[in-house]
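Chemist: One structure follows; several queries about it will come next.
The values are calculated or read from the model by the stated rules, or taken from the named source; none is laboratory data. Everything quoted here is computed from the prediction, not taken from an experiment. A quick note on method: Cβ atoms are made from the backbone with ideal geometry, for glycine too, and the neighbour counts reach across all protein chains shown. Accessible surface areas use protein heavy atoms only, side chains included; no ligands, DNA or RNA. Shrake-Rupley method; radii C 1.70, N 1.55, O 1.52, S 1.80 Å.
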Amino acid sequence: MKNSADNSFGNTTDGGDPGDGGTNYRALEKILESPEFAPNIVVNRLIPAAEGIYAPFPEGLDPRIAQALRRRGIDQIYTHQAEVWERTQEGKNVVVVTPTASGKTLCYNLPSLQALLNDEKARCLYLFPTKALSQDQQSDLNELVGQGGASIDKTDDTNGDFYGLPVKVSTYDGDTPDSLRIAARDTGRIIISNPDMLHAGILPNHPKWIKFFSHLKYVVIDEAHAYRGVLGSHVANVIRRLKRIAAFYGSRPQFILCSATIANPQELAEALTGEDVALVDKNGAPRGEKRVILYNPPLVDAVQGIRRSVVDESRRWMLALLQAGIKTILFAHSRVKTEVAASYVNEDLANLYTDNSRIRVEAYRGGLLPNERREIEKGLRDGDIQGVVSTNALELGIDIGGLDASVVAGFPCSFNSFWQQSGRAGRRGGTSVSVFIASASPIDQFIMNDPDWFFRKSAEEGRIDPDNPYILTDHVKCACFELPFQDKVELGGRSEEGGIRDEVREVLEFLEEEGIVRHAAGRWHWADRSFPAEGISLRSATADNVVIVDVTQGRNAVIGEMDRPSAKELIFKNAVYIHRGRQYLVEKLDIENRKCLVREAEVNYFTDGLVKTDIKVLSEDEHFNYESSAGVLGDVLVRSQVAKFKKIRFHTNENIGYGDIDLGEEEMQTRSLVLIFADDTAGGRALSSLGDEQNVGAVLSGAGTLIRLIAPVFLLCDPRDLGIAERVRDPHFGLPALYIYDKYPGGTGLAEALSRRTAELFRAIREAVERCPCKSGCPSCVGPGGNKAGTKIFLRTLTGA
């Protein structure tokens with residue numbers, strides 16, 4: 001637990017081999033001073049190292065745990081770990097909020113192990129957002145409790161010292177073989193799982209888990225900040241069901257949550273658990289020195305404001321760092337960009353080295369098979385892989401060894417995500433570097449024009465809506481299948497009146513009308529033949545995944561999977577699918593049978609689907625009178641269809657052709673905020689002054705694009721969570737309008753949140769347009785050929801500037 005920060009990247013000498021774990025400080029300075037990069041570095045900021053603040057082991061800590069810690073070189077703990085211990089021993093639920101690599105794991109391991117050693121019947125449940133993180137944490141926990149998670153005491157034959165703890169640790173997820181599941185249920189003291197498995201595999205089968213649920217002491221929810229939006233709303237309902245099952249068997253577990261820095265960690269923790277939660281947010285861990293670089297790619301067309309591709313620039317940075325012996329992770333934020341960037345880097349390495357095995361770079365993203373994920377994770381830990389290009393799949397705390405540099409290619413939609421990704425470098429102490437490479441998007445250029453704002457910006461909020469009617473209905477079904485509802489008891493606990501909440505009762509009455517449940521003798525019983533959890537996905541609006549099958553030369557090998565909506569946009573017929581550097585052409589997408597057939601091919605382009613959207617207003621629930629427009633909050637029906645795709649040439653990004661897509665529409669009922677610009681409002685008058693409808697459409701389109709890209713700064717969400725549609729003359733309202741809607745069935749509260757923050761949002765997008773140096777519109781503001789002058793007038797009117 002000593003502060004190991006120094007002025008070196010790892011342990012090698014200047015210009016060391018990439019496989020050796022890093023290089024020294026001079027190698028980085030050489031890159032930063034290079035004419036290849038220096039002219040476009042906007043900020044080079046050094047975040048100094050910080051000493052740790054320590055506390056002795058707690059007085060009540062079991063000596064066996066203390067001995068196990070000392071054997072790992074830990075003879076004291078951080079102050080935030082000590083504070084979590086104190087709160088848990090007081091019987092409180094706790095959320096701990098500290099930076100990446102600050103020892104949050106020990107915050108929950110200490111009280112959990114203590115409880116298990118005090119009571120041989122006690123059980124603990126650890127929930128991680130991904131299976132990869134679960135596997136990683138089991139390895140770490142096994143090292144603490146003894147080799148392999150010893151179930152009996154062990155001694156060192158040389159001196160008789162105890163070195164194992166009588167605690168069996170078991171992982172129970174979709175990758176756990178059937179042969180190990182019974183043993184995990186019966187003898188596992190700590191069960192490591194994820195919300196998906198808890199939802200579909202454990203809670204519906206709770207009679208097999210009687211011993212576990214009867215003595216459940218702690219529930220650990222790691223990476224709690226990841227549970228926001230749709231996923232968080234689902235997980236909150238899964239926790240309601242968990243508490244209901246535990247209460248049925250006579251236990252009431254405490255909750256320990258760990259989160260990265262967000263604006264409302266206590267509020268989010270209480271929304272997830274439905275319990276009062278104590279906040280621990282004073283970090284006692286040391287921090288290594290970190291250099292943060294903000295880099296704006298050079299302009300290639302100053303008139304149109306077009307900059308060099310963020311993929312090309314991130315590839316150049318990664319290549320320079322790898323050549324200097326600095327182990328690097330590049331975050332590319334989409335599956336296609338991840339595969340393309342990894343391919344580019346490997347091509348460059350192949351050209352530089354005749355023996356390319358010296359530097360190995362892999363792509364890591366969703367849709368990889370479990371064995372492929374683990375191979376890459378192990379290669380990074382062991383040093384066999386020196387670089388990785390990843391989506392946000394590696395943003396969470398998976399141990400991938402001592403990476404020294406992170407390159408973030410484009411703003412990752414939230415400041416929380418950026419600092420998480422930045423924190424992936426330097427986890428083992430020492431100096432690290434994080435390079436943020438701006439894309440042409442408005443938020444990226446906003447940051448480049450005001451870097452001080454970037455560094456002082458507070459973290460975003462995490463928002464969930466557990467009572468979303470679609471999500472609540474799904475989980476009331478699951479809960480009723482697991483245990484009958486009693487009129488006196490609600491989902492997630494007892495209401496103030498001692499009965500079922502109105503929202504839950506309405507769902508049960510609806511389900512009774514549908515014949516899915518029946519009400520008798522004060523109880524609501526499941527009356528359907530289906531297994532409800534099986535058809536409900538926590539991760540997306542649908543539970544349908546499409547399996548991707550390689551049929552090259554009769555292989556018929558499964559190489560990946562993808563959710564159905566994404567499949568329609570990414571793996572349609574004739575699309576290019578890239579998997580770990582290999583290119584495949586899609587021969588057939590069979591949505592009905594959830595199968596996609598691909599064949600290996602060599603092409604010089606990748607593909608991008610074009611989506612068209614239609615909107616119908618279903619209800620007007622709330623009306624707002626803003627200073628310069630009217631607002632309506634209500635339900636809408638969104639129909640979307642991928643009708644065409646374009647082919648984009650590698651390296652040059654030029655469009656080399658289009659193709660047609662013949663796939664059915666996707667329909668979704670959701671929530672929307674509609675901004676209406678009547679003639680008697682300031683916004684309406686500003687639009688009327690523009691003249692023809694073409695100018696009005698260009699201004700609304702530019703404003704809509706800016707809203708979608710900048711709104712995530714105010715809410716902890718992804719731009720893809722928000723849909724935007726502009727109407728020069730909306731068929732429902734008969735006036736110019738902007739629709740801002742949740743891109744998930746039923747909505748997740750984003751439209752409601754934006755309805756209260758429109759003034760802040762429009763000020764931010766006005767500043768983004770005014771600070772952009774282009775003359776008539778560019779990708780960083782209203783788009784090439786957009787009406788920048790008109791958009792400025794419109795936004796100034798909206799904000800009263």
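Chemist: Only residues that are small (Gly, Ala, Ser), surrounded by 19 or more Cβ atoms within 10 Å (Cβ to Cβ) and touching a helix residue (DSSP H, G or I) at 6+ places or on another chain (Cβ under 9 Å): list them for region 750-780, please.
Modeler: Of everything in region 750-780, those that are small (Gly, Ala, Ser), surrounded by 19 or more Cβ atoms within 10 Å (Cβ to Cβ) and touching a helix residue (DSSP H, G or I) at 6+ places or on another chain (Cβ under 9 Å) turn out to be 764, 768, 777, 780.
Chemist: Among the residues of region 330-347, are any within 18 Å of residue 425 (Cβ to Cβ) and in contact with a Pro (Cβ under 9 Å, 6 or more places away or on another chain)?
Modeler: Yes, region 330-347 has at least one match.
Chemist: List pairs: first residue in region 694-707 and in contact (Cβ under 8 Å) with a residue 60 or more places away in the chain and assigned to a helix (DSSP H, G or I), second residue aromatic (Phe, Trp, Tyr) and open to solvent by less than 10 Å² (accessible area, probe 1.4 Å) anywhere in the structure, Cβ distance under 7 angstrom, at least six positions apart or on different chains.
Modeler: If the second residue must be aromatic (Phe, Trp, Tyr) and open to solvent by less than 10 Å² (accessible area, probe 1.4 Å), the pairs left are 699/794; 703/794.
Chemist: Given the criteria under 24 Å from residue 131 (Cα atoms) and open to solvent by less than 40 Å² (accessible area, probe 1.4 Å), does residue 546 qualify?
Modeler: Details: under 24 Å from residue 131 (Cα atoms): yes; open to solvent by less than 40 Å² (accessible area, probe 1.4 Å): yes.
So residue 546 passes the test.
Chemist: Please enumerate the residues belonging to region 786-795 that are touching a residue at least 60 places away in the same chain (Cβ under 8 Å) and open to solvent by 60 Å² or more (accessible area, probe 1.4 Å). Step through it out loud before you land on a result.
Modeler: Filtering region 786-795 for residues touching a residue at least 60 places away in the same chain (Cβ under 8 Å) gives 786-788, 790-791, 793-795.
Scanning region 786-795 gives a single hit, 793.
Chemist: Restricting to region 351-373, name every residue that is over 23 Å from residue 334 (Cβ atoms) and not small (Gly, Ala, Ser). Break it down stepwise before answering.
Modeler: Of all residues in region 351-373, those over 23 Å from residue 334 (Cβ atoms) come to 351-359, 371.
Those that are over 23 Å from residue 334 (Cβ atoms) and not small (Gly, Ala, Ser): 351, 352, 353, 354, 355, 356, 358, 359, 371.
Chemist: Restrict the check to region 371-380 and report whether at least one residue is in contact with a helix residue (DSSP H, G or I) (Cβ under 7 Å, 6 or more places away or on another chain), assigned to a helix (DSSP H, G or I), under 16 Å from residue 99 (Cβ atoms) and at pLDDT below 85.
Modeler: There is no residue in region 371-380 that is in contact with a helix residue (DSSP H, G or I) (Cβ under 7 Å, 6 or more places away or on another chain), assigned to a helix (DSSP H, G or I), under 16 Å from residue 99 (Cβ atoms) and at pLDDT below 85.
Chemist: Here's something else I'd like to know. Determine whether region 673-685 contains at least one residue that is in a strand (DSSP E or B) and within 30 Å of residue 575 (Cα to Cα).
Modeler: Scanning region 673-685 turns up no residue that is in a strand (DSSP E or B) and within 30 Å of residue 575 (Cα to Cα).
Chemist: Could you please tell me which pairs satisfy a Cβ distance under 8 Å, a separation of 6+ or placement on different chains, a first residue in region 238-252 that is in contact (Cβ under 8 Å) with a residue 60 or more places away in the chain and within 18 Å of residue 199 (Cβ to Cβ), and a second residue that is charged (D, E, K, R) and open to solvent by 10 Å² or more (accessible area, probe 1.4 Å)?
Modeler: Pairs that qualify, where the first residue is in contact (Cβ under 8 Å) with a residue 60 or more places away in the chain and within 18 Å of residue 199 (Cβ to Cβ) and the partner is charged (D, E, K, R) and open to solvent by 10 Å² or more (accessible area, probe 1.4 Å), are 241/482; 243/252; 244/482; 245/482.
Chemist: Something else: Can you tell me how many residues in region 422-442 are assigned to a helix (DSSP H, G or I) and open to solvent by 10 Å² or more (accessible area, probe 1.4 Å)?
Modeler: Residues meeting the conditions: 0.
Chemist: Are any residues in region 291-307 open to solvent by less than 30 Å² (accessible area, probe 1.4 Å) and either closer than 13 Å to residue 437 by Cα or of a type in the set (Lys, Arg) (or both), and if so, which ones? Before you say what the answer is, go through the steps one by one.
Modeler: So in region 291-307, the residues open to solvent by less than 30 Å² (accessible area, probe 1.4 Å) come out as 291-298, 305.
Correct list: 291, 292, 293, 294, 295, 296, 297, 298.
Chemist: Mind checking which residues of region 566-581 are surrounded by 18 or more Cβ atoms within 10 Å (Cβ to Cβ) and either polar (S, T, N, Q) or in a helix (DSSP H, G or I) (or both)?
Modeler: 567, 568, 569, 570
Chemist: Within the set of pairs 6 or more residues apart or between chains, which connect a residue that is aromatic (Phe, Trp, Tyr) inside region 460-471 to a residue that is open to solvent by 30 Å² or more (accessible area, probe 1.4 Å) and not in a helix (DSSP H, G or I) with Cβ atoms less than 9 Å apart?
Modeler: The qualifying pairs are 470/541; 470/669; 470/744; 470/745.
Chemist: Condition (residue is at pLDDT 95 or above and polar (S, T, N, Q)) applied to region 329-337: is it met by at least one residue?
Modeler: So far as region 329-337 goes, no, none of its residues is at pLDDT 95 or above and polar (S, T, N, Q).
Chemist: Looking only at region 582-596, which residues are open to solvent by 70 Å² or more (accessible area, probe 1.4 Å) and either under 24 Å from residue 363 (Cα atoms) or in contact with a Leu (Cβ under 7 Å, 6 or more places away or on another chain) (or both)?
Modeler: Within region 582-596, the subset open to solvent by 70 Å² or more (accessible area, probe 1.4 Å) is 582, 587-588, 592-593, 595.
Matches in region 582-596: 582, 587, 588, 595.
Chemist: Let me ask something else about it. Counting only residues that are surrounded by 22 or more Cβ atoms within 10 Å (Cβ to Cβ) and under 11 Å from residue 761 (Cα atoms), which one in region 711-732 is modelled with the lowest pLDDT?
Modeler: Looking at residues that are surrounded by 22 or more Cβ atoms within 10 Å (Cβ to Cβ) and under 11 Å from residue 761 (Cα atoms), I get 715.
Chemist: Those residues that are within 21 Å of residue 108 (Cα to Cα), in contact (Cβ under 8 Å) with a residue 40 or more places away in the chain and not β-branched (Val, Ile, Thr), I need them from region 167-195; list them, please.
Modeler: Answer for region 167-195, where residues must be within 21 Å of residue 108 (Cα to Cα), in contact (Cβ under 8 Å) with a residue 40 or more places away in the chain and not β-branched (Val, Ile, Thr): 173, 188, 189, 193, 194, 195.
Chemist: Name the single residue, out of those in region 33-48 being part of a loop (DSSP other than H, G, I, E, B) and not acidic (Asp, Glu), that is least open to solvent (accessible area, probe 1.4 Å). Outline the logic, then answer.
Modeler: At the first step, the residues of region 33-48 found to be part of a loop (DSSP other than H, G, I, E, B) are 34-37, 48.
Of the ones still in play, those that are also not acidic (Asp, Glu) are 34-35, 37, 48.
Details: 34: 26, 35: 116, 37: 3, 48: 76 Å².
Per the criteria, the residue is 37.
Chemist: Of everything in region 111-121, what is over 27 Å from the mean Cα position of the chain (by Cα) and within 16 Å of residue 256 (Cα to Cα)? Give them in sequence order. Even if it seems obvious, please write down each step before you answer.
Modeler: So the first thing to find is which residues in region 111-121 are over 27 Å from the mean Cα position of the chain (by Cα), and the list is 111, 113-121.
Answer for region 111-121, where residues must be over 27 Å from the mean Cα position of the chain (by Cα) and within 16 Å of residue 256 (Cα to Cα): 111, 113, 114, 115, 116.
Chemist: Filter region 291-330 down to residues that are touching a strand residue (DSSP E or B) at 6+ places or on another chain (Cβ under 6 Å), of a type outside the set (A, V, I, L, M) and in a loop (DSSP other than H, G, I, E, B), then give me how many there are.
Modeler: Applying the first criterion (touching a strand residue (DSSP E or B) at 6+ places or on another chain (Cβ under 6 Å)) to region 291-330 yields 291-297, 299-300, 306-308, 310, 313-314, 317-318, 321-322, 326, 328-330.
Next cut, of a type outside the set (A, V, I, L, M) only: 291, 295-297, 307-308, 313-314, 317, 328.
When the remaining residues are screened for being in a loop (DSSP other than H, G, I, E, B), the result is 296-297, 308.
Selection size over region 291-330: 3.
Chemist: Are any residues in region 652-666 assigned to a loop (DSSP other than H, G, I, E, B), of a type outside the set (A, V, I, L, M), in contact (Cβ under 8 Å) with a residue 40 or more places away in the chain and surrounded by 11 or more Cβ atoms within 10 Å (Cβ to Cβ), and if so, which ones?
Modeler: 653
Chemist: Would you call residue 670 within 32 Å of the chain's Cα centre (by Cα) and either among the hydrophobic types (A, V, I, L, M, F, W, C) or within 30 Å of residue 605 (Cα to Cα) (or both)?
Modeler: No.
Chemist: Still on this structure: Tell me which residues, restricted to region 49-83, are touching a Lys or Arg at 6+ places or on another chain (Cβ under 9 Å), surrounded by 17 or more Cβ atoms within 10 Å (Cβ to Cβ) and either of a type in the set (A, V, I, L, M) or modelled with pLDDT under 90 (or both).
Modeler: Once the filter is applied, which keeps residues that are touching a Lys or Arg at 6+ places or on another chain (Cβ under 9 Å), surrounded by 17 or more Cβ atoms within 10 Å (Cβ to Cβ) and either of a type in the set (A, V, I, L, M) or modelled with pLDDT under 90 (or both), region 49-83 yields only 49.
Chemist: Mind checking whether some residue in region 225-238 is touching a Ser or Thr at 6+ places or on another chain (Cβ under 8 Å) and either basic (Lys, Arg) or open to solvent by 30 Å² or more (accessible area, probe 1.4 Å) (or both)?
Modeler: Among the residues of region 225-238, not one is touching a Ser or Thr at 6+ places or on another chain (Cβ under 8 Å) and either basic (Lys, Arg) or open to solvent by 30 Å² or more (accessible area, probe 1.4 Å) (or both), which makes the answer no.
Chemist: I'm trying to understand the selection: among the residues of region 445-481, which are acidic (Asp, Glu) and surrounded by fewer than 20 Cβ atoms within 10 Å (Cβ to Cβ)? Steps first, please.
Modeler: Quick first cut of region 445-481, residues acidic (Asp, Glu) only: 450, 452, 460-461, 465, 467, 474.
Those that are acidic (Asp, Glu) and surrounded by fewer than 20 Cβ atoms within 10 Å (Cβ to Cβ): 450, 452, 461, 467.
Chemist: Collect the residues in region 254-274 that are closer than 17 Å to residue 233 by Cα, open to solvent by 10 Å² or more (accessible area, probe 1.4 Å) and either modelled with pLDDT of 95 or more or assigned to a helix (DSSP H, G or I) (or both), keeping them in residue-number order.
Modeler: Those that are closer than 17 Å to residue 233 by Cα, open to solvent by 10 Å² or more (accessible area, probe 1.4 Å) and either modelled with pLDDT of 95 or more or assigned to a helix (DSSP H, G or I) (or both): 265, 266, 267, 270, 271.
Chemist: I want to confirm something. Restricting to region 112-137 and keeping residues that are part of a loop (DSSP other than H, G, I, E, B) and open to solvent by 10 Å² or more (accessible area, probe 1.4 Å), which single residue is farthest from residue 171 (Cα to Cα)?
Modeler: Filtering first and then ranking leaves 119.
Chemist: Condition test on residue 725, is it within 30 Å of residue 574 (Cα to Cα) and touching a Leu at 6+ places or on another chain (Cβ under 8 Å)?
Modeler: Details: within 30 Å of residue 574 (Cα to Cα): yes; touching a Leu at 6+ places or on another chain (Cβ under 8 Å): yes.
Yes.
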